[in-house]
Structures are given as C-alpha cells and as structure tokens.
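Beneath this line is the structure, given in structure tokens, with notes to follow.
The values are calculated or read from the model by the stated rules, or taken from the named source; none is laboratory data. Treat the numbers as computed from the prediction; the structure is a model and nothing was measured. Heads up, the Cβs are rebuilt from the backbone with ideal geometry, glycines too, and the neighbour counts pull from every protein chain shown. These area figures cover heavy atoms from the full protein model, side chains too; ligands, DNA and RNA do not enter into them. Shrake-Rupley method; radii C 1.70, N 1.55, O 1.52, S 1.80 Å.
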Amino acid sequence: MYRRTTAKIIEVSDDLHKVVITINLNWKNRNYAGSIFAGSMLSATDPIYMIQLIQILGDNYVIWDKSVEARYKKPAKSRVFGEFIFTAEEIENIKQGVADKNEIDIIKTMHLVDAKQNKIATFNKTLYIADKGFYKQKLKQRRANK
C-alpha cells in the first residue's frame, strides 16, 4: 500500500529512530495545479511514526495513529523530503508515561521540505500508546458494556 503514496523510504537507521522519505513530483501524484497532490503527501507521512514505535517499543505495547493536523505551506513543485525522528530520551519518556498511566497520547511534528529546506507542509501527528495488557482489558470491558 505504501508504494501507492508515491513516496520512497530512502534512509532507515539501524535502531529505527530515524526514517527519511522522499516524494518526487510525477504523473501519479500531480494535481490540477501541477504540484504534488496534498493527499499523496499526507498518506506518505501517515504510517511512519506508528511503525517506528511498534518496532522500537516491541510486543508489550499497543500503538495507534489517532489524528493528524496537516498544514500545507506552499505548493510542492519538485522533490520533497521528510524526516521522522525519535530520540532515545523520547522513547524513555514514552515508556515511563505508559508505566505511570497505562496509556498516553503523544504529538510528533514533522515537515516535508524541498531540496532548499523550504517547508512545504507540516504534520502534527497524535499517537496513542498503551500497555498491551491494559489495552486488552480496556477492550474487554468495552465489549462487556455494549
């Protein structure tokens, strides 16, 4: 499915804390005005943070994309790039937050930029992260209350 966004993953760090994508303007994603279709940019950024956290945190956590706020700043008339980064400190804060509260929301902000580092779009992504045992119990209670 990711291939249909017209994006390509061009870099992944060994620890998965950094992922870099690129989107080239082409006939598959060109909108009526001749720039990259906003939906292509949004869909290209959509799954990355969630997949990073699933891989970094492991099987004891549940991670879901919750929402995204997209701000398109200027038309993407050429190749754009995006970086998705988690620091070791952020990962520890996430683990501690889940240990303390069983479930948390975090907001991650990323930008798509052109080759000259001009901001093309900004995405504020809200992710839900929970302890897997807590999450299963929460679902069980929800089903029982129906």
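Structure notes:
- Pair list, Cβ < 9 Å and 6+ apart or interchain, from region 113-124 residues that are aromatic (F, W, Y) to residues that are part of a strand (DSSP E or B) and surrounded by 14 or more Cβ atoms within 10 Å (Cβ to Cβ): F123/V68; F123/A70; F123/G82; F123/K108; F123/M110; F123/H111; F123/L112
- Residue pairs meeting the criteria (Cβ under 6 Å; at least 6 apart or on separate chains; first touching a residue at least 60 places away in the same chain (Cβ under 8 Å), in region 128-145; second open to solvent by 100 Å² or more (accessible area, probe 1.4 Å)): Y128/W64; Y128/K66; K132/N60
- Any hit, region 32-42, residues being closer than 30 Å to K101 by Cβ and either surrounded by fewer than 17 Cβ atoms within 10 Å (Cβ to Cβ) or over 15 Å from the mean Cα position of the chain (by Cα) (or both): yes
- I54 vs. criteria at pLDDT 95 or above, within 18 Å of F123 (Cα to Cα), touching a strand residue (DSSP E or B) at 6+ places or on another chain (Cβ under 7 Å) and open to solvent by 20 Å² or more (accessible area, probe 1.4 Å): no
- Filtered by the rule that a residue be charged (D, E, K, R), under 25 Å from T87 (Cβ atoms) and not in a strand (DSSP E or B), region 99-146 gives D100, K101, K132.
- Verdict on S78 being touching a strand residue (DSSP E or B) at 6+ places or on another chain (Cβ under 9 Å), outside any strand (DSSP E or B) and within 30 Å of Y32 (Cβ to Cβ): yes
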